[in-house]
Amino acid sequence: MRKEIIFIMLLATLSSATAQKVLTLEECRDLALRNNKQLGVAGMKKEVAGNLRKAARTKYLPKVDAVGGYEFFSREISILSNDQKTAFSQLGTSMMTNMGGSISSALVGLAQQGAITPDFAKQLGTVVTQLSEPLAQAGNQLGQRINDALRTDTRNVWAGAIVLRQPIYMGGAITAANRMADINEQLVANQQDGVRQNTLAHIDEVYWTVISLKQKQRLASSYRDLVQKLDDDVQKMIKEGVATRSTGLQVAVKVNEADMQVTQASDGVALAKMLLCQLCGLPLNEDITLADEGKDVLPHSVSVEDLGNKAAFENRSELKMLENAVELSEQGTKLVRAAYLPQVALTGGYMLSNPSVFNGFERKFKGMWNVGVMVRLPVWNWFEGVYKVRASRAATTIASIELDDAREKIELQLEQCRFKMKEASKRLSMAKKNLSSADENLRCANVGFREGVMEATDVMAAQTAWQLAQSQKIDAEVEVKLAQVALRKALGVLNIED
């Protein structure tokens with residue numbers, strides 16, 4: 001039976017150990033980078049900038065458009081006037097009327113001259129009269145056909161065209177736009193790096209905060225054990241009559257305070273781990289254990305002080321973004337100037353319509369090719385371009401001033417970080433010395449209390465001093481870690497590999 005109970009307890013211990021997730025600082029960083037929403041947004045912005053850069057490259061290439069349409073007009077275009085149409089439709093009648101009068105006059109003249117007899121003239125007149133009506137009809141039909149042939153029939157019009165445009169010289173606008181697209185992509189990449197650096201700095205701060213609280217939780221438990229041991233000794237002494245009840249009450253108060261400290265430390269660890277889980281994208285109640293929780297001495301990172309200010313100027317995303325802003329402003333000036341320079345473009349295409357006009361007005365689709373050169377030359381704009389260029393140059397100057405100001409502030413920030421680093425190192429060294437003294441003081445107090453030469457209050461004072469020294473040592477170690485993180489961030493070299 002005892003073996004079965006031991007086996008069940010062993011399985012329970014293994015299952016609880018398996019349920020816990022052990023995370024290193026590097027794993028927390030990796031999880032935080034994958035879970036950070038702002039970093040995801042920055043990644044999408046980088047993709048957008050890349051597509052915009054590709055779109056800017058197409059400005060060098062020819063553009064081809066196809067257009068088409070249909071229009072209905074209430075009236076059609078007429079080449080002939082109404083009087084001309086009437087004249088053509090009465091062409092035969094008019095001609096035969098004029099010709100009939102002329103022939104009759106000629107026959108009468110010939111008969112009077114004796115060239116022909118009156119009877120023959122009368123017969124010829126009859127023949128002409130008989131022929132005039134069919135000739136007039138034939139002439140009228142011919143005139144009507146002319147009217148029909150000259151009809152445009154433009155009430156229903158179909159048209160289409162393919163247009164090609166190839167820029168040849170646009171005043172440098174296309175080159176400036178492409179350069180701006182490249183700089184914008186770099187700007188977005190620098191923004192992403194800045195978000196990444198901030199995420200790493202934040203996760204490091206939370207990680208070491210959890211470690212600090214966990215060590216203080218252990219310290220609180222150790223302090224409670226010391227106070228409880230003292231309370232047991234004092235209670236035994238009270239029973240033997242060598243200690244007063246007042247002393248026992250004082251020690252009991254210390255026990256209660258130690259219990260409260262343990263509770264507060266446990267709650268602080270739980271809340272800090274929840275924040276860490278939230279940053280890492282884990283469930284808030286995930287049972288996690290950090291790899292550095294059980295270490296009495298925190299590992300020290302490699303110093304980065306010897307990198308100098310030059311590393312910050314080369315790596316800081318803020319400075320890179322300001323440099324990008326200066327370059328964007330310079331290219332913007334070129335883009336403004338290009339709008340007031342000559343521009344040359346090649347054009348070409350094919351257009352067709354129905355009705356077509358290449359063989360009269362035909363109800364057929366017919367078209368033609370065309371090639372040309374378009375030149376735009378600004379002549380006078382009341383110095384608008386000059387004013388805009390000056391304004392753009394002023395904006396570039398402002399961006400340069402802001403860049404210089406940021407460099408000066410970063411230099412100051414680096415010096416502050418270095419001072420804090422040195423101060424934290426000195427505080428850690430002093431805390432270790434104080435802890436050594438507190439350990440010796442507590443040992444002497446315990447020995448003196450057992451020997452009866454020291455009071456319980458002296459032991460409690462030594463225990464309190466020991467707890468304070470331990471707490472200061474924990475704070476100093478974490479302060480060194482956070483100072484290192486702040487210095488790396490100030491230098492722009494806070495990477496996941498650190």
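The values are calculated or read from the model by the stated rules, or taken from the named source; none is laboratory data. Please read all numbers here as calculations on a predicted model, not as lab measurements. Note that each Cβ is placed from the backbone with ideal geometry, even for glycine, and that neighbours are counted across all protein chains shown. What goes into the accessible areas is simple: the full protein's heavy atoms, side chains included, and nothing from ligands, DNA or RNA. Shrake-Rupley method; radii C 1.70, N 1.55, O 1.52, S 1.80 Å.
Data for the structure
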read-out: Residue match in region 394-403 (condition: outside any helix (DSSP H, G or I) and touching a residue at least 12 places away in the same chain (Cβ under 8 Å)); value: no
read-out: Scope region 314-370; condition free of Cβ contacts under 8 Å to residues at least 60 places away in the same chain and either closer than 25 Å to GLY194 by Cα or touching an Asp or Glu at 6+ places or on another chain (Cβ under 7 Å) (or both); matching residues; value: SER356
read-out: From the options ARG224, ARG218, residue that is open to solvent by 70 Å² or more (accessible area, probe 1.4 Å), at negative phi and under 60 Å from the mean Cα position of the chain (by Cα); value: ARG218
read-out: Breaking point among (1) closer than 16 Å to CYS280 by Cβ; (2) open to solvent by 50 Å² or more (accessible area, probe 1.4 Å), for TRP208; value: (2)
read-out: Which numbered condition VAL48 misses (of (1) assigned to a helix (DSSP H, G or I); (2) surrounded by 11 or more Cβ atoms within 10 Å (Cβ to Cβ); (3) at pLDDT below 90; (4) of a type in the set (Val, Ile, Thr)); value: (3)
read-out: Tally, over region 443-488, of residues that are under 25 Å from ASP204 (Cα atoms) and among the charged types (D, E, K, R); value: 6
read-out: Every residue from region 243-266 that is free of Cβ contacts under 8 Å to residues at least 60 places away in the same chain and part of a loop (DSSP other than H, G, I, E, B); value: THR244
read-out: Qualifying residue in region 185-196 (condition: within 53 Å of the chain's Cα centre (by Cα), in contact (Cβ under 8 Å) with a residue 24 or more places away in the chain, assigned to a strand (DSSP E or B) and under 30 Å from LYS54 (Cα atoms)); value: no
read-out: Qualifying residue in region 315-324 (condition: open to solvent by 70 Å² or more (accessible area, probe 1.4 Å) and closer than 30 Å to VAL485 by Cβ); value: yes
read-out: Scope region 440-467; condition open to solvent by 70 Å² or more (accessible area, probe 1.4 Å) and part of a helix (DSSP H, G or I); matching residues; value: GLU440, ASN441, ARG443, ARG450, GLU451
read-out: Subset of region 267-325 (residues that are modelled with pLDDT under 90 and either part of a helix (DSSP H, G or I) or among the aromatic types (Phe, Trp, Tyr) (or both)); value: GLU305, ASP306, LEU307, GLY308, ASN309, LYS310, ALA311, ALA312, PHE313, GLU314, ASN315
read-out: Given (1) surrounded by 13 or more Cβ atoms within 10 Å (Cβ to Cβ); (2) at pLDDT 90 or above; (3) of a type in the set (A, V, I, L, M, F, W, C), number of the condition ALA55 does not satisfy; value: (1)
read-out: Residue in region 468-483 that is open to solvent by 60 Å² or more (accessible area, probe 1.4 Å), outside any helix (DSSP H, G or I) and of a type in the set (Asp, Glu) present; value: no
read-out: Residue count, region 341-370 (criterion: modelled with pLDDT of 90 or more, aliphatic (A, V, I, L, M) and open to solvent by 40 Å² or more (accessible area, probe 1.4 Å)); value: 5
read-out: In region 261-296, residue nearest to the chain's Cα centre (by Cα) [restricted to those that are surrounded by fewer than 17 Cβ atoms within 10 Å (Cβ to Cβ) and small (Gly, Ala, Ser)]; value: GLY281
read-out: Lone qualifier among LYS409, LYS432 - being farther than 30 Å from THR244 by Cβ, of a type outside the set (Asp, Glu), surrounded by fewer than 19 Cβ atoms within 10 Å (Cβ to Cβ) and free of Cβ contacts under 8 Å to residues at least 12 places away in the same chain; value: LYS409
